[in-house]
1. Using +1 at the C-beta of Lys and Arg and -1 at the C-beta of Asp and Glu, which of B:119, B:176, B:98 has the Cα lying farthest in the positive direction of the dipole of region B:3-195?
2. To the nearest Å, what is the center-to-center distance of region A:43-66 and region A:105-125, using C-alpha atoms only?
3. For a 22 Å ceiling on Cα separation, which of these pairs sit above it: A:37/B:182; A:37/A:132; A:135/B:41?
4. Determine one quarter of the surface area of the Cα convex hull of chain A, which equals its mean projected area, and express it in nm² to one decimal.
5. Given a 1.4 Å probe and no ligands, DNA or RNA in the count, how much accessible surface is buried by A and B, both sides, to the nearest 100 Å²?
6. Using a 1.4 Å probe, what is the accessible area per residue for the protein assembly as shown, in Å²?
7. How far, in nm, would the chain grow between residue A:125 and residue A:107 when pulled straight, counting 0.36 nm per residue and subtracting the alpha carbon separation?
8. Could you order A:151, A:52 by accessible surface area, starting with the largest, using a probe radius of 1.4 Å?
Amino acid sequence: MGNPQMVMYEEEFNQIQHVVDRLVKDANARVVFIVDKNGQLIAAGGDAENVDTTSLASLTAGNIAATGGMAKLLKENEFATQFHEGEKANIHIQLVGNRVILVVIFDAKSSLGLVRLRVRKASDDLNAIFEKLLKKVQEPGADSPFAEITDEDIDNLFND
Amino acid sequence: MSFVNYMAREINCKVVYYGPGLCGKTTNLQYIYERASPESKGKMISLATETDRTLFFDFLPLSLGEIRGFKTRFHLYTVPGQVFYDASRKLILKGADAVVFVADSQEARLEANLESMDNLKQNLLENNLDLDKGLPFVIQYNKRDLPDVTSVEELHKLLNPNDVPEHEAVARTGLGVFDTLKSVAKLIVAELKKQQTV
Ligand SMILES: Nc1nc2c(ncn2[C@@H]2O[C@H](COP(=O)(O)OP(=O)(O)OP(=O)(O)O)[C@@H](O)[C@H]2O)c(=O)[nH]1
Ligand SMILES: [Mg+2]
C-alpha cells in the first residue's frame with residue numbers, strides 16, 4: 001500500500017481551531033495557521049480572509065522541506081524554528097512534533113518575544129491533539145464514506 | 001498522502017508533474033490555470049529562474065467536483081527538470097498521491113526521458129513510494145506538434161512497460177492536458193476507494 005492518509009475529524013478540528021484562535025489573541029497576531037508538511041492547510045485564524053492561506057501553506061511547506069534538506073546534508077536535526085522579519089509583517093514558523101507547521105504572522109502590535117512564548121505553549125497543546133488524532137486514525141473499523149465510491153461517482157467528478 | 005478532512009468535508013490530494021527539463025510540465029499547469037473556472041482555482045505559484053526554468057516548484061490548487069459529499073481539492077506541483085536540481089525534486093515528491101510523467105516526444109530528448117524516468121523511480125523509492133505498488137501514475141507524450149518526434153509505439157515500449165494510462169499532448173495549445181489530469185484524478189479516487197476497503 002502507498003501512503004497512509006491524514007485524516008481530520010470534527011472533535012480534533014475544533015480543538016485545533018481553539019488553540020489557533022487563542023494563539024491569535026495571546027500573541028497579538030495578525031494571522032495564525034497550521035499546515036501539514038505536504039503543504040495542506042489544516043486550520044487558520046485571525047485575519048486569515050485577507051491573506052492567501054493556500055499559497056502561503058504550500059510555500060511554508062516548501063520552505064520547511066528545503067531547510068530540512070539542508071539540515072540533513074549537515075547531519076543536523078531539522079531546523080524547528082524560523083523567523084523572517086519584514087518592514088511591516090513578520091513571520092514565525094515552528095515545526096510541531098515533526099508533523100505539522102505552525103505559522104504566526106504578526107506586526108508591530110506584537111513582538112518576537114511574546115510570539116515565541118505563546119508559540120511554545122500552543123505547540124505543546126497541538127502536539128497532544130495530533131498525538132491523539134494519530135491514534136484514532138490507526139484504530140480499525142472507522143467506517144469510511146469512500147468504500148462505496150462507484151465508477152459513476154468518479155466520472156461525475158468532471159461533469160460541471 | 002491524501003488528507004481527508006471530515007470537518008470541512010474535503011479530500012486533498014497531491015499530484016506531481018515529473019519529467020526532463022523543458023518537457024512542458026510548467027506549460028501543463030499554466031494551461032490548466034488559464035482554462036479552469038475562477039471559482040475552482042487558486043493562485044498559481046511559480047518559483048522560477050529569470051529564464052523561466054522551474055527553480056523549486058510550481059503550485060496550483062484546483063477544486064474538482066464532489067464525491068460522496070466531499071469536495072475534492074487537487075494540489076498540482078511540478079518539479080524542476082534540470083538534472084542538477086535533484087535534491088529539490090526529492091523534496092517535492094514527498095507525500096505525492098500521484099505522479100504524471102511528462103515525456104518530451106522529440107527524438108533528441110529520448111535519452112533525457114529515459115534518464116528522468118530512472119531518476120523518478122529512484123527518488124520515489126527514497127520516499128517509500130513505488131510505481132509497481134499501485135501509486136497512481138499517468139504518462140503524457142508531449143510536444144506531438146513538433147517534427148522529428150519518436151513514435152508513440154516506441155515511447156510506449158521504452159517508458160510504459162506497466163501499461164499505465166498514457167496521453168498524447170501538445171501542452172502549448174492544451175491538447176491532451178485535461179485528459180491527462182482527468183485520468184490521474186480518476187486513478188487517485190479509485191485508490192482512495194481501495195484503501196478504504198482493505
Ligand atoms: N512546440 C511545443 N512546445 C512546447 C510544448 N509544451 C511546452 N512547450 C515549450 O517548451 C518550453 C519549456 O516548457 P516548460 O513548461 O517551461 O518546461 P518544464 O518541463 O517546466 O521545464 P523545467 O522547468 O526546466 O523542468 C516552453 O518554451 C514551452 O512553450 C508543446 O507541446 N509543443
Ligand atoms: Mg518548469
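1. About the Cα centre, the residue reaching furthest to the positive side is B:98.
2. Using only Cα atoms to place each centre, the spacing works out to 17 Å.
3. Cα-Cα > 22 Å for A:37/B:182; A:135/B:41; rest within.
4. On the way: hull surface 49.4 nm².
So the Cα hull casts an average projection of 12.3 nm².
5. Numbers: alone 10540 and 10620 Å², together 17130 Å².
In total, this chain pair buries about 4000 Å².
6. Details: 17130 Å² over 358 residues.
Here the per-residue accessible area is 48 Å².
7. Details: separation 18, 0.36 × 18 = 6.48 nm, distance 2.42 nm.
Separation in residues times 0.36 nm, less the Cα-Cα distance, equals 4.1 nm.
8. Values: A:151 115, A:52 50 Å².
Largest accessible area first, the residues go A:151, A:52.
The values are calculated or read from the model by the stated rules, or taken from the named source; none is laboratory data. Because the structure is a prediction, the values reported are computed rather than measured. Virtual Cβ from ideal backbone geometry, glycine too; neighbours counted across all protein chains shown. The accessibility values were calculated without ligands, DNA or RNA, using every heavy atom of the protein model including side chains. Shrake-Rupley method; radii C 1.70, N 1.55, O 1.52, S 1.80 Å.
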